[in-house]
1. So, in the range 332-379, how many residues would count as being in contact with a Phe, Trp or Tyr (Cβ under 6 Å, 6 or more places away or on another chain) and closer than 27 Å to Phe399 by Cβ?
2. Just to confirm my filter: which strands (runs of 3 or more DSSP E) fall fully inside the range 133-204 and include at least 1 residues that are open to solvent by 40 Å² or more (accessible area, probe 1.4 Å)?
3. Look at the range 288-316 and say how many of its residues are among the β-branched types (Val, Ile, Thr), crowded, with 18+ Cβ neighbours inside 10 Å and modelled with pLDDT of 75 or more.
4. Ala264 is checked against (1) among the small types (Gly, Ala, Ser); (2) assigned to a strand (DSSP E or B); (3) open to solvent by 50 Å² or more (accessible area, probe 1.4 Å) and fails just one. What number does that condition carry?
5. Please pick out the residue among Asp270, Asp277 that is at pLDDT 80 or above, within 30 Å of Arg87 (Cβ to Cβ), among the charged types (D, E, K, R) and crowded, with 16+ Cβ neighbours inside 10 Å.
6. Being of a type in the set (Gly, Ala, Ser) and either within 30 Å of the chain's Cα centre (by Cα) or closer than 11 Å to Leu221 by Cα (or both) is the filter here, so list the residues in the range 126-147 that pass it.
7. For the range 317-369, enumerate the residues that are among the aliphatic types (A, V, I, L, M), more than 27 Å from Ile52 (Cβ to Cβ) and open to solvent by 10 Å² or more (accessible area, probe 1.4 Å).
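The values are calculated or read from the model by the stated rules, or taken from the named source; none is laboratory data. These numbers were taken from a predicted model, which means no experiment stands behind them. So basically every Cβ, Gly included, is an ideal-geometry build from the backbone, and we count neighbours across all protein chains shown. Protein only, heavy atoms only, side chains kept; ligands, DNA and RNA dropped before computing areas. Shrake-Rupley method; radii C 1.70, N 1.55, O 1.52, S 1.80 Å.
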Amino acid sequence: EIPESKIERIKEKSSWLFYYDQFVEAFKMSVQAIMAHKMRSLLTMLGIIIGIASVVSVVALGNGSQQKILEDINSMGTNTISIFPGRGFGDRRSGRIKTLTINDAKAISQQSYVASATPQTNSGGTLTYRNTDLTASLYGVGEQYFDVRGLKLEEGRLFDDDDVKTDAQVVVIDQNTKTKLFGEGVNPLGKTILFKKRPLTVIGIMKKDDNNFGNSDSLMLWSPYTTVMHQITGESYTNSIVVKIKDDANTQVAEKSLTELLKARHGTEDFFMNNSDSIKEMVESTTGTMTLLISSIAVISLVVGGIGVMNIMLVSVTERTKEIGVRMAIGARRNNILQQFLIEAVLICIIGGLSGVLLSASISLVFNYFVTDFPMSISMASVIGAVVCSTAIGVAFGFMPANKASKLNPIDALAQD
């Protein structure tokens with residue numbers, strides 16, 4: 001005698017095999033129906049292909065432009081907080097506030113979450129070399145400033161901690177200063193120039209900064225802040241302090257801690273901060289909103305494509321009424337008919353979705369070949385989303401025709417001419 005538990009397992013396995021065979025048979029018939037009407041199937045897929053390609057391409061463009069903008073911001077200095085006197089940009093009283101000092105920068109640099117803190121002061125004046133006089137800006141900074149701001153050296157060297165401690169009369173110049181002050185064929189390294197009649201020896205030349213948001217024609221020079229403060233401006237306060245936060249620290253929390261530290265030192269909040277992460281978040285938010293907006297417009301074409309699938313499937317039901325009647329007459333159930341037409345609609349949408357992804361990939365290859373400013377960056381998330389979306393459209397818009405086909409009366413279907 002066979003145990004009852006074994007009988008149950010045999011029944012369960014038989015049931016599973018039955019449904020599997022039914023699905024395979026419905027799948028084969030769906031593929032045959034699609035292949036029998038290739039042109040009609042292709043035209044049906046066209047709306048899905050265009051819609052999916054549009055969505056994936058728009059998301060790829062959004063990702064690429066966002067990456068480019070964030071790279072530009074990162075090259076200006078990542079995880080940085082700049083501290084300025086006053087209540088905000090444009091505050092007319094900020095010029096009279098002289099409470100930011102070197103001691104503030106030193107106190108900030110001792111905090112556990114701070115990688116470095118460099119005071120910054122600046123002075124505008126006349127720059128002289130032999131018979132050439134130009135107007136330039138001299139920035140007094142610490143030795144870590146260039147690393148914080150992502151500035152790269154082309155020739156020579158940068159000043160170091162010893163130069164800062166000894167008020168060394170050295171200067172690093174930009175490409176505009178090299179070109180306009182020295183001209184072609186002259187190596188500026190080792191040459192002595194005068195800024196406000198004070199001699200400075202050129203020790204380094206910076207690479208051109210393509211991400212400079214300021215005036216690209218301005219002449220910029222950098223010297224140790226001690227040299228600028230003690231020998232040129234004679235001031236004991238700084239114009240700003242640039243703080244680099246450690247990578248494992250939260251910049252928002254660090255900003256609050258720095259605010260409390262300086263309020264305790266000054267007795268009042270006579271300063272404001274500019275957090276580089278805030279700019280990054282704003283860029284991410286803006287590009288994300290634009291991508292969502294354009295993607296929403298592209299989704300309309302997906303809906304149109306889905307309606308096209310539904311219309312063609314309804315026409316297919318009408319055309320194949322007699323076939324449906326024959327199948328139902330020889331034992332096919334409603335579920336079998338429903339399954340076949342639903343699989344057919346889903347297959348059309350999935351093939352259209354994958355074709356749309358391939359079309360988008362081709363567009364991105366062509367785009368990236370001709371456009372070098374920023375790339376089209378197709379993400380795996382958008383590809384998976386496109387396939388899921390096309391499948392959902394197949395189910396949603398294919399159900400009505402499939403349901404209509406499954407409800408046909410076999411006798412009426414067989415009588416159909």
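1. Within the range 332-379, residues that are in contact with a Phe, Trp or Tyr (Cβ under 6 Å, 6 or more places away or on another chain) and closer than 27 Å to Phe399 by Cβ number 1.
2. Correct list: 153-156, 192-195.
3. 2
4. That leaves (2) as the condition not met.
5. From the options Asp270, Asp277, the qualifying one is Asp270.
6. Across the range 126-147, the qualifying residues are Ala136, Ser137, Gly140.
7. Within the range 317-369, Val326, Met328, Ala329, Ile330, Ala332 meet the criteria.
Rundown of residues vs (1) touching a His at 6+ places or on another chain (Cβ under 8 Å); (2) more than 30 Å from Lys28 (Cβ to Cβ); (3) in a helix (DSSP H, G or I), yes/no style:
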| site | (1), (2), (3) |
| --- | --- |
| Leu338 | no, no, yes |
| Ile348 | no, no, yes |
| Leu354 | no, no, yes |
| Leu358 | no, no, yes |
| Ser362 | no, yes, yes |
| Asn368 | no, yes, yes |
| Ile378 | no, yes, no |
| Val383 | no, no, yes |
